[in-house]
Amino acid sequence: MRTSKDEGVLLYAFTCGYITLPMSFFLDGEPGKAKVPACVFLIDHPNGLVLFDTGFSDRFVGMEKGLGKIVDMPKGESVADRLRALDIDPARIDYVINSHLHIDHAGGNALIPDATIIVQEPEWDFGMSGEDTAYDLQDFDTGQSVKRIAGDHDLFGDGTVIIFPTAGHTPGHQSVRVKTATGEAVLAADCCNMRRSLDEMHLPDHCYNVDQYRGSLEKLSQLRRNGAQIFYGHDPDFWAMVPQAQALDLSGPGTI
Ligand SMILES: [Zn+2]
């Protein structure tokens, strides 16, 4: 396997389950339904291994009732399985950055036993409050140490992995800028569901705070204008083009 010790920061992407929801959930006013991936990233930094989100829990494998009707978690696609396929023991992961704590983003946290979980303070508090049924304590209250942050956070102190708040979808949603040797990636998650969300400033049919949501899209728009590759959170067409489980090459426009 390639290593960040030789090449600098490397970024990998893979999907960990799917969910089928009304399209308006992602783009207000759009008809029909969409089956969208839950997306996970591995950041290999010389000073540590980091996950951004963990997809769905493996408890959904084979589940046909309840949430199992809309969640599809294929066997062998949990975050732990994805890591082992890259020859990485899940216990080697140092940090899990959760964009937010919904079941399709923090569901695999339990499979990463020794990581420090990094969330924005308001996100942890809101998740624990029980106000929103898209949170499930069994996913995210899993015993690892939790580092609650407030605002921007430069994870390794060298500008390569910068966490920044992108609230609106939830109170403490956050995204990450990753500077690799081949370019900059922005791991958006649910502050930007689809490429069209950003192209058209097209909001979902509901969010925690509309003004914050719009402000987060503006931040992403600026980063995209400056040349970053945005990884849209749940865009099935975009994700069909993302090479999985290999170090991504971000050089040049339209690479992905
Ligand atoms: Zn969400």
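About its Cα centre, the chain has a charge dipole of approximately 400 debye under the convention of +1 per Lys or Arg Cβ and -1 per Asp or Glu Cβ, with nothing else charged.
Exposure proxy shown here: for Cys207, Cys39, the number of other Cβ atoms within 10 Å sets the order, fewest to most, as Cys207, Cys39.
Here the residues Glu184, Glu123, Glu200, ranked from fewest to most Cβ neighbours within 10 Å of their Cβ, fall in the order Glu200, Glu184, Glu123.
Using 30 Å as the Cα-Cα cut-off, could you pick out the over-long pairs in Lys33/Lys147; Lys65/Lys179; Lys69/Lys219; Lys5/Lys147? Table pairs above 30 Å Cα-Cα are Lys33/Lys147; Lys65/Lys179; Lys69/Lys219. Centre-to-centre separation between the Cα atoms of region 188-226 and those of region 95-160: 21 Å. Computed on region 1-87, with alpha-carbon pairs under 8 angstrom and 6+ residues apart, the relative contact order is 30 percent. Positive end of the dipole of region 4-239 (Cβ unit charges, origin at the Cα centre): among Cys207, Thr180, Ile103, the Cα lying farthest that way belongs to Thr180. Rounded to the nearest 500, the helix-only mean residue ellipticity at 222 nm of the chain stands at -5000 deg cm²/dmol, with each DSSP H run of n ≥ 4 adding -39,500 (n - 2.57). Considering only alpha-carbon pairs that sit under 8 angstrom and 6 or more positions apart, the relative contact order computed for the chain is 20 percent.
Label positions at Gln244 and Leu137, each projected 7 Å from the Cα along the C-beta direction, are separated by 3.3 nm.
Panel order for Asp81, Asp89, by other beta carbons found within 10 Å of each beta carbon, from fewest to most: Asp89, Asp81. Relative contact order of region 91-172, taken over Cα pairs closer than 8 Å and 6 or more residues apart, is 31 percent. Computed extension gain for Asp154 through Arg225, at 0.36 nm per residue and net of the alpha carbon distance, reaches 23.4 nm.
Only the coordinates and a few stated rules stand behind these numbers; no lab work does. Just so it is clear, the structure is predicted and the values come from calculations on it, not from any experiment. Every residue, glycine as well, gets a Cβ built from its backbone with ideal geometry; the counts of neighbours run over all protein chains shown.
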